[in-house]
Amino acid sequence: MAAEAGGDRGNPRRELVEKQIMEQATRLFAERGFASTTLQDIADASGLTRPALYHYVANKDELLSRLVSESTQTPADLLRRINERTALTPTQKLREMAQTIALRQAQSPDRFRLLIRSEAELPDPISIPYQQSRRYVLKEFIHTIEDGIRTGEMRPVDPRTSALGIIGMLNWIAWWHLPGNADDDQALADHLADMAVRSLTKQDPDSLTPVGPARAMALLRQDLDYLERLLDGTSQRPRDHNSGGTGVPHASRSRRT
């Protein structure tokens with residue numbers, strides 16, 4: 001029935017009702033979990049009868065699929081487009097990527113919470129692209145950090161660990177930030193993006209270490225750490241950023257990694 005209504009796309013009233021349905025479904029899935037939420041619950045919360053709800057959506061799986069796609073595939077696409085902008089330096093890319101994720105989390109924290117709450121209940125047709133999109137998000141951050149290390153803009157850190165740390169920091173917004181004020185959302189995104197960049201970019205040793213042997217040792221440690229990683233890389237197979245189930249760009253899973 002929902003498919004037959006596809007011709008109504010572009011109708012302002014339909015779009016308004018669909019937005020309301022998505023918002024209520026997001027809230028209920030986040031609060032109760034996917035399995036414990038019924039279509040009747042969503043209809044009641046949206047001010048619709050259940051038959052009327054079928055005019056906009058076929059079933060719960062369709063609703064969840066749309067929510068998952070908007071919450072994971074869309075960020076992955078946005079990050080990929082940022083990485084493709086050759087006019088930006090790696091540091092500029094990292095800042096924009098962090099701002100993008102932070103702003104999405106600040107504006108729609110329920111979307112992330114519903115994914116965490118319903119993760120174990122996702123049916124395979126939804127779970128597989130969901131996991132893939134999260135790995136793509138992680139891969140885009142890793143790629144940017146690797147480029148920053150190669151160009152000398154960033155310290156010789158472990159790219160994957162650093163990417164997971166930044167993503168975890170940004171995702172945690174969903175658990176403590178109250179959305180609703182656009183200026184606050186943007187200020188938060190800018191602040192955390194600045195923290196992400198500062199955590200990786202090289203610092204002037206003159207401002208961190210007194211003149212003398214201590215400064216020389218600090219510089220040597222950075223170079224030796226980087227050299228050690230390069231030597232390890234020649235004797236081991238490169239790590240597959242997409243392998244296994246550990247490349248998970250959210251705080252709860254990274255703690256189990």
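Scan region 45-85 for trypsin sites (Lys or Arg not before Pro) in coil per DSSP, keeping those whose Cβ has at most 16 other Cβ atoms within 10 Å, and list them by number.
Numbers: sites: Lys60, Arg66, Arg80, Arg81, Arg85; in loops: Arg85.
Taking region 45-85 and a limit of 16 other Cβ atoms within 10 Å, the loop trypsin sites (Lys or Arg not before Pro) found are Arg85.
How much FRET efficiency would the formula 1/(1 + (r/R0)^6) give for Gln92 and Ala52, where r is the Cβ-Cβ distance and R0 is 41 Å, rounded to 0.05? That gives a FRET efficiency of 0.30.
Test of understanding: ordering Phe29, Phe112 by Cβ neighbours within 10 Å, fewest first, what list do you get? Working shown, then result.
Values: Phe29 27, Phe112 23.
With the fewest neighbours first, Phe29, Phe112 line up as Phe112, Phe29.
Using a 10 Å cut-off around each Cβ, can you sort Ile128, Ile101, Ile167 from fewest to most neighbouring Cβ atoms?
On the way: Ile128 11, Ile101 26, Ile167 23.
Taking fewest neighbouring Cβ atoms as first place, the list is Ile128, Ile167, Ile101.
In this structure, Arg221 and Thr151 have a Cβ-Cβ separation that, at R0 = 22 Å, corresponds to a calculated FRET efficiency of about 0.60. Computed from label points 7 Å out along Cα-Cβ, the spacing between Leu231 and Ser69 is 5.1 nm. Net length available on complete extension from Arg81 to Glu15 is 21.0 nm, with 0.36 nm assigned per residue and the Cα-Cα distance removed.
No lab work stands behind these numbers, since they all come straight from the coordinates. Predicted, not measured: the structure shown is a model, and the values here were computed from it. Here the Cβ is made from the backbone with ideal geometry for all residues, glycine too, and neighbour counts use every protein chain on show.
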